[in-house]
1. Please state the relative contact order of the stretch 1-90 as a whole percent: Cα pairs under 8 Å, 6+ residues apart?
2. Could you tell me which of the pairs Lys12/Lys230; Lys173/Lys230; Lys79/Lys103 are separated by over 29 angstrom between their Cα atoms in the structure shown?
3. With every protein chain kept in the model, how would you rank Lys151, Lys173, Lys79, Lys146 by accessible area, 1.4 Å probe, largest at the top?
4. If the cut-off is a Cα-Cα distance under 14 Å, which aspartates and glutamates reach Lys249, setting aside same-chain residues fewer than 8 apart in sequence?
5. Run the numbers on the stretch 114-192 and let me know its relative contact order in percent, using alpha-carbon pairs under 8 Å that are six or more apart.
6. For the stretch 106-142 and the stretch 8-45, compute the distance between their C-alpha centroids and round to whole Å.
7. Going from the alpha-carbon gyration tensor of the stretch 155-274, what semi-axes, largest first and in whole Å, does one get by taking the root of 5 times each eigenvalue?
8. In square nanometres, what is one fourth of the surface area of the convex hull spanned by the alpha carbons of the chain?
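The values are calculated or read from the model by the stated rules, or taken from the named source; none is laboratory data. Note that this is a predicted model, so its numbers are computed, not measured. Here Cβ is always computed from backbone atoms with ideal geometry, including for glycine, and neighbour counts include all displayed protein chains. SASA here: full protein model, heavy atoms, side chains in, ligands and nucleic acids out. Shrake-Rupley method; radii C 1.70, N 1.55, O 1.52, S 1.80 Å.
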Amino acid sequence: MNHLIGMKELEKPQIEALLDRANAWAERPGEQTDILNGRFVANLFLEPSTRTRFSFEVAEKRLGAHVLNFTAETSSTTKGETVYDTLRTLESMGVEAAVIRTKENQLLQDLAGQVQLRLINAGDGTNEHPTQCLLDLLTMKRYFGKIAGLKVAIIGDLRHSRVLGSHLHALPKLGAELILSGPPSMMRAKEEVPAGVKTVDIEEAIETADVVMMLRVQLERHEHALFDTKELYHQAYGLTLERAQRMKKGAVIMHPAPINRGVEIDTNLVEAEQSLIFTQMSNGVPVRMAVLETLMTGGESKWASSLQMASF
Ligand code: CP
């Protein structure tokens with residue numbers, strides 16, 4: 001594996017290997033290593049981010065890498081330099097991997113064949129967000145002990161969600177049942193939804209799923225206001241306290257965040273007992289360590305063999 005572009009490109013065994021490696025790191029919280037000692041990784045966030053940016057930086061530092069943080073506003077991209085020329089520049093200085101967030105769908109796919117350094121997709125437009133998907137999968141697997149057979153409902157702004165873009169590929173590959181629900185105006189294009197993924201009303205989604213994953217309404221990507229008030233959206237498509245009471249026994253709440261409290265989810269549910277939202281955030285670090293280690297060492301580091309790599 002040279003790059004992590006999307007879940008679409010990964011085979012089931014590759015996903016499972018990354019999850020096993022991430023699980024091993026999750027079992028060793030805070031451990032500092034020298035796997036990438038002296039090697040340079042650049043973070044290029046061309047769109048805002050809190051979780052992904054900081055958890056990549058924590059992961060890079062825990063692996064011992066030198067971390068370069070690129071700031072678009074003070075870089076030569078403001079003078080018209082392309083992302084390709086920026087990457088070639090970094091490459092010429094010995095940077096070995098670039099973590100990229102961009103608003104351009106599939107930019108990384110186009111760049112992958114043109115550069116030597118490893119590319120990691122930290123979210124491209126409305127296309128994919130593979131490391132968020134992997135940390136969601138790790139969270140499910142550590143909680144339920146499995147992914148195959150789980151029923152996962154993803155609810156909300158399906159049209160703009162790159163997290164959904166990755167799960168549309170990953171969950172069916174791993175044997176989970178994926179159902180979708182949201183306002184008609186926020187549906188994913190039919191051709192992007194694999195056969196076997198059903199769209200259902202919100203009550204069915206919430207009442208039948210093992211995992212209820214709520215998505216933020218991405219107002220910044222909507223051209224027109226879709227609901228008169230946040231309260232109207234909350235009542236029609238949100239995880240209200242009343243709907244949460246009708247979740248299956250043992251079901252959990254997830255959300256990739258950032259969260260709009262009181263819009264897609266009642267504020268009291270964010271940190272409720274059945275919520276794994278902050279566990280998802282914790283799992284971002286081990287997942288990103290696993291991705292960086294796999295891409296930059298081919299999974300052959302001395303640490304890999306010393307970690308417990310058996311499937312969990
Ligand atoms: N989940 C996620 O990608 O969050 P950020 O936009 O804060 O990175």
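1. On the way: 66 pairs, mean separation 24.4, N = 90.
Contact order relative to length: 27 percent.
2. Details: Lys12/Lys230 39 Å; Lys173/Lys230 35 Å; Lys79/Lys103 18 Å.
Beyond 29 Å: Lys12/Lys230; Lys173/Lys230.
3. On the way: Lys151 40, Lys173 65, Lys79 165, Lys146 95 Å².
So the residues, ranked largest to smallest area, are Lys79, Lys146, Lys173, Lys151.
4. By straight Cα distance, Lys249 reaches Glu207, Asp210, Glu273.
5. Values: 100 pairs, mean separation 25.5, N = 79.
So the answer I get is 32 percent.
6. 13 Å
7. On the way: eigenvalues 83, 73, 30 Å².
Rounded to whole Å, the semi-axes are 20, 19, 12.
8. Working: hull surface 63.2 nm².
The orientation-averaged projected area of the Cα hull of the chain comes to 15.8 nm².
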